[in-house]
Structures are given as C-alpha cells and as structure tokens.
Amino acid sequence: MRNLRLKRFIANGGVVAYPTESCFGLGCDPQSFRGIKKLNTLKKRPSNRNFILITSDLKQIKGIFPKIDRARIDRLPHLF
C-alpha cells in the first residue's frame, strides 16, 4: 500500500527527498513536466539547467533517451 501511494505521488508530478552518501537529494519522474517544474522551483534554478539522472537499471533510460544506440548503452557500465 505504501509503495503504491508513493508511485502515484511521483506519477502525478510529486517531488521526493532521498538520502545519498553525504546529503539528501530531491528527485521526480524524469518524464513528468510537472515534476521537473516543481523540482526547478524548489531548487531555485533556471529551467535550462541540466539534471543528473539516477537509475537502478540501464533499461530504465530507454524511454528517456530513445535515440541512444545500443552500443553506447552497452559501454555505459564500463565508464563507472
């Protein structure tokens, strides 16, 4: 039940705080214009600034970056 509420919250443009190694991060659904707009407002940053994209699996970026070819995606894990 709790995860379902969180999924709905994020899907509806919600912004969440999550712990990192040294501080808390703020995040949203990267495909949600509403969430990105809220995130920019909370961070007081211009809308033309880039974001860091954090994912647990490279398959998650397919819909976000559809034009990246498979060879580049396969090289990504070796860069880190």
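The values are calculated or read from the model by the stated rules, or taken from the named source; none is laboratory data. Everything numeric in this text was worked out from a predicted model, so none of it was measured. All Cβ positions, even for glycine, are placed from backbone atoms using ideal geometry, and neighbour counts span all protein chains on display. Just the protein is used for accessible areas: all its heavy atoms, side chains included, with ligands, DNA and RNA removed. Shrake-Rupley method; radii C 1.70, N 1.55, O 1.52, S 1.80 Å.
A few comments on the model shown:
- Yes/no for LYS37 being within 16 Å of the chain's Cα centre (by Cα), exposed (fewer than 11 other Cβ atoms within 10 Å of the Cβ) and in a helix (DSSP H, G or I): no
- Picking from residues in the range 4-34 that are part of a helix (DSSP H, G or I) and aliphatic (A, V, I, L, M), the one that is least open to solvent (accessible area, probe 1.4 Å) is ILE10.
- The range 61-80, residues that are of a type outside the set (Lys, Arg), part of a loop (DSSP other than H, G, I, E, B) and either more than 17 Å from PHE51 (Cα to Cα) or modelled with pLDDT under 75 (or both): GLY63, PHE65, PRO66, ILE68, ASP69, PHE80
- Taken over the range 55-80, the criterion of being exposed (fewer than 10 other Cβ atoms within 10 Å of the Cβ), over 15 Å from the mean Cα position of the chain (by Cα) and of a type in the set (Asp, Glu) is satisfied by ASP69 alone.
- Where a residue in the range 40-53 is under 11 Å from CYS28 (Cβ atoms) and its partner, wherever it lies, is part of a loop (DSSP other than H, G, I, E, B) and among the basic types (Lys, Arg), with Cβ under 8 Å and at least six apart: ASN40/ARG49
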